[in-house]
Every structure is written in structure tokens, then in C-alpha cells.
Amino acid sequence: MRERKMDALQWRILPVLTLIASFLLFFYFQYPSQQYPKNCSLLPFQHYWIASKRIVTPQGVISGAVEIKDGKIASIVKEEEKHGKIKSENVIDYGEAVVMPGLIDVHAHLDDPGRAEWEGFPSGTKAAAAGGITTLVDMPLNSDPSTVSRETLELKIKAAESRIYVDVGFWGGLVPENAFNASALEDLLDAGVLGLKSFMCPSGINDFPMTNASHIKEGLSVLAKYRRPLLVHAEKEQELESNLGVEDGSNNPRSYSTYLKTRPPSWEEAAIKDLLTLTKDTRIGGPAEGAHLHIVHLSDSRSSLDLIKEAKSGGDSLTVETCPHYLAFSAEEIPDGDTRFKCSPPIRDAANKEKLWEALLEGHVDMLSSDHSPTMPELKLLDGGDFLKAWGGISSLQFVLPVTWSYGQKYGVTLQQLALWWSERPARLAGQKLKGAIAVGNHADIVVWDPDVEFDLDDEFPMHVKHPGISAYLGTKLSGRVAATFVRGNLVFEEGKHAPAVCGVPILAS
Ligand SMILES: NC(=O)N[C@H]1NC(=O)NC1=O
Ligand SMILES: [Zn+2]
Ligand SMILES: [Zn+2]
């Protein structure tokens, strides 16, 4: 009886085994092993099609397929033209899922080399890949040393090589030490930084001192020749209300409102006023024509934004970004002692947030970035909850896409707007002509995601940043799950799994 059962089982298993073996043989001959160059793609082929009913292109959302060959987009075929144009065995059909250009995050602090215990290239770029970000531009500070010279850039590149899951470019630092030394700045630019970044207030990092308007003017004149941008953290210290240092009940350091009072909108406004005296020179025919100024992480959507609008309409070469945390949270909701929300400039009130959304939707704010700036949990002082002493910086890298989408629902955000804010305009800022859009000839940097799939961002959710516990989004419910991420045609992340090897490359300007 038992033997008969075994026999029957064998008869059922044998054909299945034969089928599997022939399937494997077929794949072996179809895609020989040299086509798995570095094991950094979860796909066995280099020439294939991604099909979907929702492909986001600069011309609109279409149904069809994107042909990918040797890492580039070879053609885009509309549904009605598909017949006979694509090889059906090499099609990955994502159905209703959205196929969009990969996100380009122009503002991330990966803290490597020197402070890799804060984040580091491997975990940071793994989180990026899991979040649909295909290119990051790393900030010049929080690593040790800061990226302020050719030598320190070379250390960055060395730290990044063979350790990055997505492509990574680098901003160089404009600091007092190099600002009046044109040849030092040229050396840094020749070595490949995509542009420069400076602070108008203390940066929190000793070897990255702040610059004033004269330093910035010098920087802009060198950058004009290279046609690369200067990014500025625009806050300038102003005198504060006189009772702020007093620790009475109204100035409790565990209360977010205390912190908010230490960095009022007038700081952003003062910095921006200074900057706009310089950006006039970037107008066509001006002495710094070719230079471009980019204001990072704008928080104040009132007077600061009015100044920016006016300068733009006058022809200044000026752009501005804001970050998801300014669009998702408001000061009133931040619980006492919850220093995960501490950043600078600070998250302001709900009315400010509404105006910031309005500015983004109307095109006055050009793009989004994460300003992912993590640290060791100890430095967030989560136990004591002292907002005045905790490290300022939000950890968000893996979730910027679902956050923008989820919080943007109320404002009717479209897929095309997401692609504009997160890919197309950031690519232009970073000088990446082959990235930022699903267009023929571009790098096949693509995110596939399901806008309707909801998930709870709790302790169970697989997070790839080094310190998931300090993320401000932990505990929220989001919609928009990343299904797959392609970097230059390599499937680097799919269904929760990363490719076994890295295939990101350092991006250097030339
Ligand atoms: N040093 C550094 O990363 N600072 C960043 N953190 C933050 O909240 N704003 C910043 O500019
Ligand atoms: Zn900053
Ligand atoms: Zn920053």
C-alpha cells in the first residue's frame, strides 16, 4: 500500500522535475552566464521590455512598454503599436503598477567616510534602492573630512566605489577656507563635484564653517565658468526674543514650540535677502551669467517665498527645493520630547504647510529632496527629549516617494508632478542630461510602484537605513509601495529583495 503510494508520487514528481530541468537548460542557452556581469541585477537579461498600463513620460502617462537595451531606454512603444515590435519572452508586465523615472535625491547626507556609523554608503544606497531612488547626490558635510578639496573628494569616491547600490554624485563644500582661492575651487570642480554647497549659519559640523555674502559672491563667479550650481542652506542668525534663554514653563526644552522660537522665519528671510543681492548677477548679460543658485530645504512659505518669486520673475537663475517633512508635518502636532522631528530650518505651523503645498503646486517651489540627515540614536537624545540639544536632521530616505504621494492626495498630486519634482528638475540641477525622464536614449533608471497599496510603517517593516528607529515617519500609514527599482537597466531591488552585488557608480562632472 505504502509502496504504491510512493510509486504514484514518483510518477507525479518526475514530469515536474523534467520540466524544471528543461526550463533551466533553456535559460542557460538563451542567456549565457557572461550576461550576469556583476550579479548586480536580479534579471538574467540585458535586452527586455517593461510593460505597464501607466508609464509616466514627459509627454504624458501612456499604456505600453519601455524597451531597455544595455542599460539605456531604446524605445517606448504605445499599447496600440506593441504588436510585432516586442519579443514576448523578454517582457516584464507590471500591469496597473506605475512605471516612473527613478527618483533623484539631490540632498542626502550619507556621512561616509568618517561617520559611517551615522549612515554610510551601503545602507544609505540600499534604502534608496528600496525607495525607488536611483540617483543620490551626497552633501559635502557630516562625513569626516568634509568634501572641500580635490583630495577630500577623492576620499569620498574611494569610500563609495564598489559600495553603492544606486548611482551617487557629490556636491563640494564652499567654505571660508577655499572661497577666496579660485584655483582651489577650480581644482575641486575639475575633480568632478556636480556643484558647491554652503551654509549661511553654523552647520553643526566644526570643519564646515559658514560663509557670508562675500564668500558666496566669489563662489558664484567661479561656478559661472563651469555652469554648475551653488546650493545654499539659507538661514542667517538674527537676534531672538530676549526671554528665550530662560527655562521657565514657557521655554521647556522638551516642547517643540521652544525650539521653533529659536529659528524663526526671519532667519530664512534674512539669508535669502542677502542671497538675492548676488543672484541679480546671474541674469543674462550679468557678471555671473552661467552661475545658478539653489536654495535648499525652504521651510518658510511666507515672506521668504515672496522674495524668491520676485527674484525669479526678474530673471535671476534661481531654484528652490523643499522636503517631504515640511509638507507632511506641522509644528502643532509634534509631541513633547519627540526629537525625531528636529531639523533646521524647523517644521513650522499648519498654515505655513498649506502655503508650501500651494507654492509647490503652482511651480514656485521647483523640486523636492529628502535632506536625509541621520545620526547615532544617542545623539537624537530620544530619552531626554531635549529639542535644543538633540541632533537636527530627519531620517526619511526610503520613504520619500510614498510620503509625497500619501500626503499629496489631499492636494490632487498627479504622477506627472511627482516625476517633475523628484526626477526631471533634480536631474537638471545636477547636470544629468541622461537621467530624470523616461525618454529614448536616457539611462534606464526606473521605479515601478503601486500607488494604491497601503502599508503601516512599523517596527516590522523592512527598513534599510542604519538607524530605522530615528525615522520621523515610523508609526505612520502610507500608500505607494515600491515594487521594483532599475538602475541603468539593472534590476537592483524587487519585492523586498536587493541584488546580491552592487552596481551603482560614482557620478563625476566632466
Ligand atoms: N549638518 C546637517 O546635516 N544639517 C542638516 N540637518 C538639518 O536638519 N538641516 C540641515 O541642514
Ligand atoms: Zn541644510
Ligand atoms: Zn542637509
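The values are calculated or read from the model by the stated rules, or taken from the named source; none is laboratory data. Bear in mind that the values here come from a model prediction, so they are computed numbers and not experimental data. Glycine gets a Cβ as well: all are built from the backbone with ideal geometry, and neighbour counts include every protein chain shown. The protein model used for the area step is the full one, side chains on, heavy atoms only, and it has no ligands, DNA or RNA in it. Shrake-Rupley method; radii C 1.70, N 1.55, O 1.52, S 1.80 Å.
What are the residues in region 306-318 that are under 14 Å from residue 355 (Cβ atoms) and either in contact with a Cys (Cβ under 9 Å, 6 or more places away or on another chain) or crowded, with 21+ Cβ neighbours inside 10 Å (or both), if any?
Within region 306-318, just 308 meets the criteria.
Do we have any residue at all in region 422-430 that's within 16 Å of residue 396 (Cβ to Cβ) and within 19 Å of the chain's Cα centre (by Cα)?
yes
What do you reckon, is residue 440 open to solvent by less than 10 Å² (accessible area, probe 1.4 Å) and either over 22 Å from residue 494 (Cα atoms) or in contact with a helix residue (DSSP H, G or I) (Cβ under 9 Å, 6 or more places away or on another chain) (or both)?
Values: open to solvent by less than 10 Å² (accessible area, probe 1.4 Å): no; either over 22 Å from residue 494 (Cα atoms) or in contact with a helix residue (DSSP H, G or I) (Cβ under 9 Å, 6 or more places away or on another chain) (or both): yes.
The answer is no for residue 440.
Kindly list the number of the only condition in (1) at pLDDT below 95; (2) part of a strand (DSSP E or B) that fails for residue 503.
Condition not satisfied by residue 503: (2).
For region 390-433, enumerate the residues that are within 30 Å of residue 224 (Cα to Cα), part of a loop (DSSP other than H, G, I, E, B) and in contact (Cβ under 8 Å) with a residue 12 or more places away in the chain.
Selection gives 430, 431, 432.
Return yes or no: is residue 322 touching an Asp or Glu at 6+ places or on another chain (Cβ under 8 Å) and not acidic (Asp, Glu)?
no
Among 321, 268, which is within 16 Å of ligand 2 (Cβ to nearest atom), part of a helix (DSSP H, G or I) and open to solvent by less than 10 Å² (accessible area, probe 1.4 Å)?
So the residue among 321, 268 that is within 16 Å of ligand 2 (Cβ to nearest atom), part of a helix (DSSP H, G or I) and open to solvent by less than 10 Å² (accessible area, probe 1.4 Å) is 268.
Would you be able to tell me the number of residues in region 367-379 that are surrounded by fewer than 23 Cβ atoms within 10 Å (Cβ to Cβ) and either within 16 Å of ligand 3 (Cβ to nearest atom) or over 22 Å from residue 203 (Cβ atoms) (or both)?
1
If you go through region 110-147, how many residues are within 13 Å of ligand 1 (Cβ to nearest atom) and either of a type in the set (A, V, I, L, M) or open to solvent by 10 Å² or more (accessible area, probe 1.4 Å) (or both)?
Here the count works out to 6.
Being farther than 25 Å from residue 392 by Cβ and in contact with a strand residue (DSSP E or B) (Cβ under 6 Å, 6 or more places away or on another chain) is the filter here; which residues of region 131-159 pass it?
Correct list: 132, 134, 135, 157.
Answer with yes or no whether residue 105 is among the charged types (D, E, K, R), in contact with a helix residue (DSSP H, G or I) (Cβ under 9 Å, 6 or more places away or on another chain), at pLDDT 95 or above and part of a strand (DSSP E or B).
It is true that residue 105 is among the charged types (D, E, K, R), in contact with a helix residue (DSSP H, G or I) (Cβ under 9 Å, 6 or more places away or on another chain), at pLDDT 95 or above and part of a strand (DSSP E or B).
Could you identify the single residue in 106, 61 that is open to solvent by 30 Å² or more (accessible area, probe 1.4 Å), among the aliphatic types (A, V, I, L, M) and in contact (Cβ under 8 Å) with a residue 40 or more places away in the chain?
On the way: 106 fails: open to solvent by 30 Å² or more (accessible area, probe 1.4 Å).
Answer to the selection: 61.
Keeping to region 194-213, report how many residues are open to solvent by less than 60 Å² (accessible area, probe 1.4 Å) and either more than 16 Å from ligand 3 (Cβ to nearest atom) or modelled with pLDDT under 95 (or both).
Residues meeting the conditions: 1.
Under the condition of being polar (S, T, N, Q) and touching a residue at least 24 places away in the same chain (Cβ under 8 Å), which residue from region 153-193 is most open to solvent (accessible area, probe 1.4 Å)?
Checked region 153-193; the qualifying residue most open to solvent (accessible area, probe 1.4 Å) is 162.
With the requirement that a residue be under 30 Å from residue 420 (Cβ atoms) and in a loop (DSSP other than H, G, I, E, B), what does region 363-389 give you?
363, 364, 365, 366, 369, 370, 371, 373, 374
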